[in-house]
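What follows draws every value from the coordinates through simple rules; no lab data is involved. All figures in this text were calculated on a predicted structure; none of them were measured in a lab. Please note: Cβ atoms are built from the backbone with ideal geometry, for glycine as well, and neighbour counts cover all protein chains shown.
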Amino acid sequence: MKPIKTAPTAPNVPTALSALQDTFKDVMACVATPVSIVTALAHNGAPCGATVSAFSSLSVSPPMVLISLDRRSRTLEVIRESGRFGLNVLGADQGDLAMSFASKGGADKFRGTSWSIEHGLPRVSRASAWIASTVADFADGGDHVIVLGRVDAAEAAAGRAPLVYHRRRFGTHQPYHDPARGVPA
């Protein structure tokens, strides 16, 4: 019996799903998001952290936030163990720090970074805002895990503009002024 020949499949031909994923990434690049470093402290005292752009306020009563971390994240693993996390909303001049914490590499990310322990969590110096949270729940989010946190402490740095990610570039928010009227819109 002769083997049946099939047409060769072309390598790297995008599927409908991968095309949708690429388009989705392009669409999400149009949405300006704040850039933060989520931090946690391992039981052995080692700090860990990861850059995220997926975080949001969730509730005012009680105060809650949500963050989203890759399922394979070491920071997520430590948050699961400790039940706590810090959210450091980066300042407009901290793009290099955001890139450093976006890489893999545990406590080495903190080498050369100014930080301290506050409320039992690593806090990055000069961030535009800081939140300390206790985990309320975890939820499935595809290739990420959504972590819901009850806010234990919060602080905003007066006058410190946040780092924002938009169209795959760092920047910051500027109030819109309508030149025709000469006043803020």
**Report entry** FRET E, pair Ser61, Thr15, Förster distance 30 Å, beta-carbon r, rounded to 0.05
**Finding:** 0.10
**Report entry** Under 5 Å, built H, 5+ apart or other chain: amide partners of Gly141
**Finding:** Ile146
Query raised in the report: So what J values fall out for segment 149-161 if you push phi through Karplus, 6.51 cos²θ - 1.76 cosθ + 1.60 with θ = phi - 60°, rounded to Hz, Gly and Pro as x?
Result: x, 7, 6, 9, 7, 8, 8, 10, 8, 4, x, 9, 5
